[in-house]
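Written out below as structure tokens is the structure these notes cover.
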Amino acid sequence: MSILVTGGAGFIGSNFVLEWMATHDEPLVNLDKLTYAGNRDNLISVQDDPRYRFVRGDIGDRSLLVRLLREHQPRAVVHFAAESHVDRSIIAPDAFMQTNVMGTFGLLEAVQEYWEGMNRDLRDGFRFLHVSTDEVFGSLKENDPEFDEYSPYRPNSPYAASKAASDHLVRAYHHTYGLPTVTSNCSNNYGPYQFPEKLIPLVIHRARSGQLIPVYGDGLQIRDWLHVSDHCAALRRMLAVGEPGAVYAVGGSAQRTNVQVVEALCALLGEARPGVDYFSLVRTVKDRPGHDRRYAVNASRTMDLLGWAPQETFASGLRRTMQWYLDNNEWVSRVTTGAYREWMDRQYPASLV
Ligand code: NAD
Ligand code: TYD
């Protein structure tokens, strides 16, 4: 048998694919549309492996899905494919509704039909693993308890609303049709291969090249950071032991304000590339509309049920991530061309770009 991954050429997906190929014999099919966020370069090291197959395509293409499911007979689908950047969802939400909502719906339809046709033994073991976010739960106040599996849905951005809709669809396909789904609601990830539109790689990339570093509003918004390899480990555990219909809250127990994150990166860069005062590059810019103040996840139930715990601390993970970006400048240069520059021009004030 095999597993089918969607969006495996993006940030978390490529980390998952690379780790899967390094630790499992089972074949893996990667279906990815290769939007601006997808990059086959991430997967060069596995592209010639006979267990790996890359298919360029859209999760909204139902006949392609039916063909791939019939041909590869996966025992699980791991669904990463999405539009994932909050700022883009504010400026151009259409693609978010198309991929995150309608795309997930089409995928569920195709997988449901495939699953119904499997023989009984295989049907019981099948899993549809939906990779979602803590952002569906909205924003926490300073002293609110962290999100967990029972938190009410209160999405605030078009991105979060589209992911919330996809979570609801996944839930409904389990509840109504019995599809053995598992959903992960994870906090902010960071690590190798993250597109430099997101905070951590954006700060590393800009600071290293002597460009100003944009901090939205007062910079005191809080995120709970988890290294991508720890998220991928949790997802593998969900595939292995996740019960049908289960939902897991995943986080790194590493709440930091954005200013703390930026300053930690400036300090790390100062150690690795001394001679520049990176802190002096930081600039406050206009806040993101509807900016969620705080995300934080209580992952204790997930840790107990999955026998999983993050291996990286925020300090060790950030150091490793900084080193990866310094060692892989060529990757950064390739992804920060044409379309990336257009995005930066559009999103940030001229004084910064
Ligand atoms: P990403 O933007 O880096 O990658 C998304 C991938 O999906 C890209 O390879 C892209 O080409 C592909 N894709 C987009 N639309 C597609 C379509 N219609 N058909 C097929 N492929 C398509 O995203 P990421 O940060 O790797 O996030 C992956 C998943 O994890 C998303 O569902 C996201 O909501 C979720 N998530 C992300 C984080 C985070 O911090 N990055 C945290 C929690 C959950
Ligand atoms: P981001 O990486 O876009 O993730 P998310 O919005 O999904 O949490 O942003 C992380 C935090 O960093 C968020 O509070 C917004 C903030 N931020 C900035 O201050 N400046 C920036 O240039 C970016 C991209 C984000």
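The table below gives the values:
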| read-out | value |
| --- | --- |
| Charge dipole (the chain, unit charges on Cβ, about Cα centre) - positive-most of 216, 174, 248 | 216 |
| Check: the chain dipole with +1 on Lys, Arg Cβ and -1 on Asp, Glu Cβ, in debye | 420 debye |
| Cα-based reach from residue 286 at 17 Å (exclusive), listing aspartates and glutamates while leaving out same-chain residues under 8 positions away | 87, 197, 218, 345 |
| Amide H contacts of residue 248 (H built 1.01 Å from N, under 5 Å, at least 5 apart or other chain) | 183, 184, 185 |
| Within straight-line cross-link reach of residue 33, lysines at Cα separation under 19 Å, skipping those fewer than 8 residues along the same chain | 163 |
| Charge dipole (the chain, unit charges on Cβ, about Cα centre) - positive-most of 21, 63, 340 | 340 |
| Distant-in-sequence amide H partners of residue 215 (H built 1.01 Å from N, under 5 Å) | 283, 284, 285 |
| Sorted by Cβ density within 10 Å, fewest first, the residues 257, 133 | 257, 133 |
| Likely footprinting exposure, 218, 224, 167, fewest C-beta neighbours within 10 Å first | 218, 167, 224 |
| Within-15-Å neighbourhood charge of residue 184 [Cβ basis; K, R +1; D, E -1] | -2 |
| The stretch 1-84, dipole about Cα centre (Lys/Arg Cβ +1, Asp/Glu Cβ -1), debye to the nearest 20 | 300 debye |
| Antiparallel content of DSSP bridges confined to the chain, in %, to 5 | 10 percent |
| Net +/- balance of residues flanking residue 227 in space, Cβ distance below 10 Å, scoring K and R +1, D and E -1 | -1 |
| GNM top mover of 50, 74, 93 - the chain, alpha-carbon springs below 10 Å | 50 |
| Low-density loop cleavage sites - trypsin sites (Lys or Arg not before Pro) in the stretch 244-296, where at most 13 other Cβ are within 10 Å (DSSP) | 286 |
| The stretch 35-131, dipole about Cα centre (Lys/Arg Cβ +1, Asp/Glu Cβ -1), debye to the nearest 20 | 260 debye |
| Neighbour-count order for 79, 168, fewest beta carbons within 10 angstrom listed first | 168, 79 |
| Förster radius 25 Å - calculated FRET efficiency between residue 56 and residue 276 (Cβ-Cβ, nearest 0.05) | 0.05 |
| Rounded Å value of the spacing that divides the Cα centres of the stretch 226-240 and the stretch 66-95 | 18 Å |
| Residue-averaged [θ]222 nm for the chain, counting only DSSP H segments that reach four residues, each worth -39500 (n - 2.57) | -12500 deg cm²/dmol |
| Value of relative contact order over the chain, rounded to a whole percent, pairs C-alpha under 8 Å and six or more apart | 17 percent |
| Rounded to 10°, Cα long-axis angle of helix 314-327 versus longest principal axis of the chain | 80 degrees |
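Readers should treat all values here as calculations from the given coordinates under stated rules, not as data from a laboratory. Keep in mind that this is a model prediction, so the values were computed, not measured. Heads up, the Cβs are rebuilt from the backbone with ideal geometry, glycines too, and the neighbour counts pull from every protein chain shown.
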